[in-house]
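Step one of this worksheet: look at the structure below.
The values are calculated or read from the model by the stated rules, or taken from the named source; none is laboratory data. What you are looking at is a predicted structure, and each value in this text was computed from that prediction instead of being measured. So basically every Cβ, Gly included, is an ideal-geometry build from the backbone, and we count neighbours across all protein chains shown. Remember, those area values only see protein heavy atoms, side chains included, never the ligands or the DNA or RNA. Shrake-Rupley method; radii C 1.70, N 1.55, O 1.52, S 1.80 Å.
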Amino acid sequence: MSDQGSGYAAASEIRNRIDTTTPHSARFWNYFVGGKDNYEVDREIGDQIKEIFPGLVDVAVTSRHFLGRVVRHLVVEQGVRQFLDIGTGLPTADNTHDVAQRFAPDARIVYVDNDPLVLTHARALLTSTPEGRTAYLDSDLTDPDAILEAATATLDLSQPVALMILNTLGHFPDQERTRSLVARLMSGLPSGSYLTICDGTATSEGMIAASEAYNKSGAVPYHVRSVAEIEGLFGDLELLEPGIVRVTDWRPGADDAPFEGPAVDAYGGVGRKA
Ligand SMILES: C[S@@+](CC[C@H](N)C(=O)[O-])C[C@H]1O[C@@H](n2cnc3c(N)ncnc32)[C@H](O)[C@@H]1O
């Protein structure tokens, strides 16, 4: 079963919100994972950045693999059946519900993004199994209370939920504000819930140069954090092994092809609420 949640606007109104004159992170990222849902303006800055720092392609691709391994682990090993995925991005292969429902058909997933192009592609995120449920909210991470309230139409917030925020928190450069937004979301979820974050990190000159070039493009800027800053966003949650590590090093599975490229400038991890 699936629904498009509150905030689902008329098609013409959504089209009017799509700005093709400046790059947008959902579309830029879609270009980096090899998708077709992007515009010339996104590909132009994408090609410039591939020249400056080809390693950003590895960040985009390996963090999708990280998503797959985390969701599988949370469903199979930790018994999680509910996911809240904020900053979803454009649909691609193995979205959160694809992975979760492969292992637990009754899993429920709420997706949240504020980009109008993601909204127009939301149908692809709503291909739930009959036993499970998916929903899409056209909402903003700056309003955690509205997200939590709207999510209750699909999720039972008295049961554990895995909050997923991947490659999105760089849009929030202020560490204290970001920590407080994440903490507010987690405070609405019960004990036994999980938080997954991964993000590009300021761990190489190439990555820093790539983010500087992106931030000059007119797009909403993206701040690459230090590894310690990413860890700080987990507050007092108990980190699952192996902690905050390069995304390629987070529980690489036997069925994954080992990543053989240079060290990836993206770190992530999973925390559990006691
Ligand atoms: C770089 S993409 C990451 C997509 C996906 N999570 C992934 O890792 O492949 C960042 C996403 O965050 C979304 N986003 C940015 N600011 C947001 C906000 N304030 N509220 C909700 N979504 C936001 C963008 O529209 C985009 O889809």
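What to note about this one:
- Mean separation of Cα contacts under 8 Å, 6 or more apart, over the residue count of the chain: relative contact order %: 21 percent
- For residue 80, the residues 5 or more places off, or on other chains, whose built amide H falls under 5 Å of its own are 75.
- Note on the chain: with charges restricted to the Cβ of Lys and Arg (+1) and Asp and Glu (-1), its dipole about the Cα centre is near 380 debye.
- Radius of gyration (Cα atoms) of the range 118-199, expressed as a multiple of 2.2 N^0.38 Å: 1.15.
- Rounded to the nearest 500, the 222 nm mean residue ellipticity of the chain from helices alone is -11000 deg cm²/dmol, with -39,500 (n - 2.57) taken per DSSP H run of at least 4 residues.
- Global geometry of the range 53-159, whether rounded, prolate or oblate, following the gyration tensor of its Cα atoms and the 1.5 cut on a/c: oblate
- Antiparallel DSSP beta bridges within the chain, as percent of all bridges there, nearest 5: 30 percent
- Carbon and sulfur %, accessible surface of the chain computed with the full protein complex present, 1.4 Å: 50 percent
- Per-residue SASA entry for residue 139, accessible area with 1.4 Å probe, Å² rounded to 10: 30 Å²
- Each residue, residue 241 and residue 47, gets one label point 7 Å from its Cα in the Cβ direction; the gap between the two is 4.8 nm.
- Charged-residue dipole, Cβ positions (Lys, Arg, Asp, Glu), the range 1-137 about Cα centre, Debye nearest 20: 340 debye
- Coil-residue trypsin sites (Lys or Arg not before Pro) of the range 147-201, DSSP, other Cβ within 10 Å capped at 10: none
- When the alpha carbon gyration tensor of the range 1-92 is reduced to an equivalent ellipsoid, the three semi-axes, largest first, read 27, 23, 8 Å.
- Volume of the Cα convex hull of the range 119-274, divided per residue and given in Å³: 154 Å³
- Comparing mean-square fluctuations of 101, 175, 82 from a GNM of the chain with C-alpha springs under 10 Å, the top value falls on 175.
- Net charge in the neighbourhood of residue 129 (other residues with Cβ under 13 Å of its Cβ; Lys, Arg +1, Asp, Glu -1) is +1.
- The range 198-270: GluC sites (Glu not before Pro) falling in loop per DSSP and having at most 14 other Cβ within 10 Å: 260
- Per residue Cα convex hull volume in Å³ - calculated over the chain: 116 Å³
- Counting only protein heavy atoms and a 1.4 Å probe, the range 228-274 has 53 square angstrom of accessible area per residue.
- Dipole-positive endmost among 192, 89, 112 within the chain (Cβ charges, Cα centre): 192
- Over the range 199-274, relative contact order from alpha-carbon pairs under 8 Å, at least 6 apart, %: 38 percent
- Karplus-derived 3J(HN,Hα), 6.51/-1.76/1.60, for each residue of the range 99-107, Hz, glycine and proline x: 6, 4, 6, 5, 9, 9, x, 8, 5
- Restriction of the GluC sites (Glu not before Pro) in the range 115-204 to DSSP coil positions whose beta-carbon has at most 14 other beta-carbons within 10 angstrom yields 131.
- Summing Lys and Arg as +1 and Asp and Glu as -1 over all other residues whose Cβ lies under 9 Å from the Cβ of residue 194 gives a net charge of +2.
- Per-residue Karplus couplings for the range 82-97, computed as 6.51 cos²θ - 1.76 cosθ + 1.60 with θ equal to phi - 60°, are listed in order as 9, 10, 10, 10, 9, x, 4, x, 6, x, 9, 6, 6, 5, 3, 5 Hz, Gly and Pro entered as x.
- Phi angles of the range 21-34 translate, via the Karplus equation with coefficients 6.51, -1.76, 1.60 and θ = phi - 60°, into HN-Hα couplings of 9, 10, x, 10, 5, 4, 6, 4, 5, 4, 4, 5, 8, x Hz per residue; Gly and Pro are given as x.
- The range 25-117, relative contact order [Cα under 8 Å, separation at least 6], %: 27 percent
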